[in-house]
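Asker: Provided herewith is a single structure, encoded as structure tokens, for subsequent inquiry.
The values are calculated or read from the model by the stated rules, or taken from the named source; none is laboratory data. Remember, it's a predicted structure, so these values are computed and weren't measured experimentally. Virtual Cβ from ideal backbone geometry, glycine too; neighbours counted across all protein chains shown. All accessible areas refer to the heavy atoms of the entire protein, side chains included, with ligands and DNA or RNA removed. Shrake-Rupley method; radii C 1.70, N 1.55, O 1.52, S 1.80 Å.
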Number of protein chains: 2
Amino acid sequence: MELHEPELRDVPVTAVLAALADDVRLQIVQALAEGGEHACGTFEFGVSKATRSHHLKVLREAGLTRTRVAGTSRFVRLRREELDRHYPGLLDAVLTGPARPA
Amino acid sequence: MELHEPELRDVPVTAVLAALADDVRLQIVQALAEGGEHACGTFEFGVSKATRSHHLKVLREAGLTRTRVAGTSRFVRLRREELDRHYPGLLDAVLTGPARPA
DNA sequence: ACCTATGTTCGACAATCGTCAAACAAGCTC
DNA sequence: GAGCTTGTTTGACGATTGTCGAACATAGGT
């Protein structure tokens with residue numbers, strides 16, 4: 001299954017930023033920032049499950065999330081501590097940003 | 001000439017992140033972070049001047065830079081204070097990031 | 001007036017991206 | 001095992017992106 005989850009050290013900054021530079025993915029990250037694990041299916045933005053799966057893959061391969069497989073479900077969580085260590089202030093800046101513009 | 005320079009409040013976070021999520025542009029921002037104004041021509045990365053002009057436009061329209069026209073030259077500077085106010089920690093996190101991977 | 005220097009704009013191109021429906025894989029339950 | 005649930009993978013598509021050379025615009029210098 002592989003579940004490719006790179007070390008943050010091996011991910012170019014631009015890849016992390018690119019992963020965050022999408023509306024759907026940013027909403028996912030904001031939901032994950034509430035803490036704990038979220039099953040993939042609990043993300044209900046206006047996209048198909050194929051698209052959602054794609055975005056979760058992008059986040060995972062950019063080193064932003066960690067995924068745990070449990071039966072047919074997958075539980076995703078934000079790699080907050082690692083991210084804060086590698087890019088102090090990045091997540092806070094992005095998450096507590098100005099009132100989300102339309 | 002117009003020199004479209006939006007208010008940071010009007011720029012979606014994702015646009016700021018997208019602007020930073022490119023190798024050439026990140027190098028430009030890193031150069032600008034040294035402080036002061038830089039003439040466009042002083043950026044010598046391996047791209048044509050058309051491409052450089054394009055990247056500077058992206059940065060400007062994402063609210064990251066301010067441009068002053070002087071004769072045939074244009075001087076660019078980072079909107080650091082504004083950025084730090086709107087996204088505290090973002091620039092620092094991106095600029096002082098881990099040793100730039102190849 | 002010419003020529004040069006500095007940038008921008010205009011196509012054009014290949015590559016990447018976000019999106020979806022459909023097919024697939026794997027586990028759970030009856 | 002049949003069927004359902006959860007999620008991924010596979011094409012396909014239109015849109016966007018990064019890149020370039022060529023043409024254009026504008027300001028100085030001689």
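Asker: All but one of (1) more than 9 Å from DNA strand D (Cβ to nearest atom); (2) outside any loop (DSSP other than H, G, I, E, B) hold for A:GLY63; state the number of the condition that does not hold.
Answerer: (2)
Asker: If you don't mind, there's one more thing I want to ask. Taking the condition of being in contact with a helix residue (DSSP H, G or I) (Cβ under 9 Å, 6 or more places away or on another chain), more than 13 Å from DNA strand D (Cβ to nearest atom) and more than 14 Å from every other protein chain (Cβ to nearest Cβ), how many residues in the range A:22-44 meet it?
Answerer: 3
Asker: Exactly one condition in (1) at pLDDT 95 or above; (2) away from DNA strand C (no atom under 16 Å from the Cβ) is false for A:HIS86; which is it?
Answerer: Answer for A:HIS86: the failing condition is (1).
Asker: Here is a list of conditions, (1) within 14 Å of chain A (Cβ to nearest Cβ); (2) in contact with a helix residue (DSSP H, G or I) (Cβ under 7 Å, 6 or more places away or on another chain), and B:ARG85 meets all of them except one; can you say which number that is?
Answerer: (2)
Asker: So the check is Cβ under 7 Å with 6+ separation or different chains; which pairs have a first residue in the range A:47-58 that's away from chain B (no Cβ under 14 Å) and a second one that's near DNA strand D (Cβ under 7 Å from one of its atoms) and not β-branched (Val, Ile, Thr)?
Answerer: A:ARG52/A:CYS40; A:LEU56/A:CYS40
Asker: Of (1) in contact with a helix residue (DSSP H, G or I) (Cβ under 9 Å, 6 or more places away or on another chain); (2) more than 10 Å from DNA strand D (Cβ to nearest atom); (3) farther than 15 Å from B:LEU95 by Cα; (4) within 14 Å of chain A (Cβ to nearest Cβ), B:ASP10 satisfies all except one. Which?
Answerer: (1)
Asker: Tell me the residue from B:LEU95, B:LEU8 that is surrounded by fewer than 18 Cβ atoms within 10 Å (Cβ to Cβ) and touching a Gly at 6+ places or on another chain (Cβ under 6 Å), please.
Answerer: B:LEU8
Asker: What residue, of B:ARG79, B:ARG74, is within 14 Å of DNA strand D (Cβ to nearest atom), in contact with a strand residue (DSSP E or B) (Cβ under 6 Å, 6 or more places away or on another chain) and either open to solvent by less than 50 Å² (accessible area, probe 1.4 Å) or touching a residue at least 12 places away in the same chain (Cβ under 8 Å) (or both)?
Answerer: From the options B:ARG79, B:ARG74, the qualifying one is B:ARG74.
Asker: On to the next question. Of the residues A:GLY41, A:GLY46, which is in a loop (DSSP other than H, G, I, E, B) and not hydroxyl-bearing (Ser, Thr, Tyr)?
Answerer: Exactly one of A:GLY41, A:GLY46 is in a loop (DSSP other than H, G, I, E, B) and not hydroxyl-bearing (Ser, Thr, Tyr), namely A:GLY46.
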